[in-house]
Amino acid sequence: PPCNTIKMAAVKAHVLRSASKADMAKQLEDLKQELSQLRVAKVTGGAAAKLSKIKTVRKSIATVLTVMNQQQRAALREHYSGKKYKPLDLRAKQTRAIRRRLSKSEAKKKTLKQHKKDIHFGRRVYAVKA
């Protein structure tokens with residue numbers, strides 16, 4: 001069983017969300033540095049604890065990158081909200097057919113001829129039901 005003497009807890013996403021961008025960048029740099037040291041230890045035949053720590057460091061790097069990406073995308077969504085055009089990756093995905101479909105306002109529009117027909121020849125109302 002791997003010994004837990006140097007066991008470092010994985011980075012938690014909820015803690016990172018309150019951290020600043022610079023702090024996260026520094027933490028990412030530290031984690032990458034630590035990972036490179038652990039990989040050197042792996043090649044030189046380091047302790048089992050160091051080998052088992054590689055996984056947690058890799059996952060921590062992924063967590064930091066994920067939170068940074070989420071914050072960046074949230075800021076971009078905020079920036080583009082209310083604008084006429086959005087970048088393709090911020091638009092609603094849906095399906096190709098739905099994206100090409102007429103909008104609700106376009107679908108309910110009528111031609112001038114149909115509009116006149118509706119006005120002059122309205123729906124007939126009968127007193128007796130068939």
Accessible area of the chain belonging to carbon and sulfur atoms, whole % at 1.4 Å probe: 57 percent
- prompt: Taking only Cα atoms, what is the 0 to 90° angle, nearest 10, from helix 21-43's long axis to the longest principal axis of the chain?
  reply: 50 degrees
- prompt: For Rg/Rh (Cα atoms, Kirkwood Rh), which listed value, [x] 1.43; [y] 2.02; [z] 1.20, comes from the coordinates shown?
  reply: [x]
- prompt: Excluding Pro87 itself, what net charge comes from residues whose Cβ is under 12 Å from its Cβ, given Lys and Arg +1 and Asp and Glu -1?
  reply: +4
query: Label points 7 Å out from Cα along the Cβ direction at Glu34 and His120: separation in nm?
result: 8.1 nm
message: Please list, by residue number, every one of the trypsin sites (Lys or Arg not before Pro) in the stretch 55-95 that is coil in DSSP and has at most 15 other beta-carbon atoms within 10 Å.
response: Lys83, Lys84, Arg91, Lys93
- prompt: Hey, what do the phi angles of the stretch 110-123 turn into as Karplus ³J(HN,Hα) couplings, whole Hz, using 6.51/-1.76/1.60 and θ = phi - 60°, x for Gly and Pro?
  reply: 10, 6, 4, 4, 5, 4, 5, 4, 4, 5, 7, 10, x, 5
task: Give the accessible surface of the chain per residue, rounded to a whole number of Å², with probe radius 1.4 Å and ligands, DNA and RNA excluded.
output: 87 Å²
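The values are calculated or read from the model by the stated rules, or taken from the named source; none is laboratory data. Because the structure is a prediction, the values reported are computed rather than measured. Using ideal geometry, Cβ is built from the backbone for each residue, glycine included, and neighbour counts are taken over all protein chains shown. Quick note on the areas: whole protein, heavy atoms, side chains included, nothing else; ligands and nucleic acids left out. Shrake-Rupley method; radii C 1.70, N 1.55, O 1.52, S 1.80 Å.
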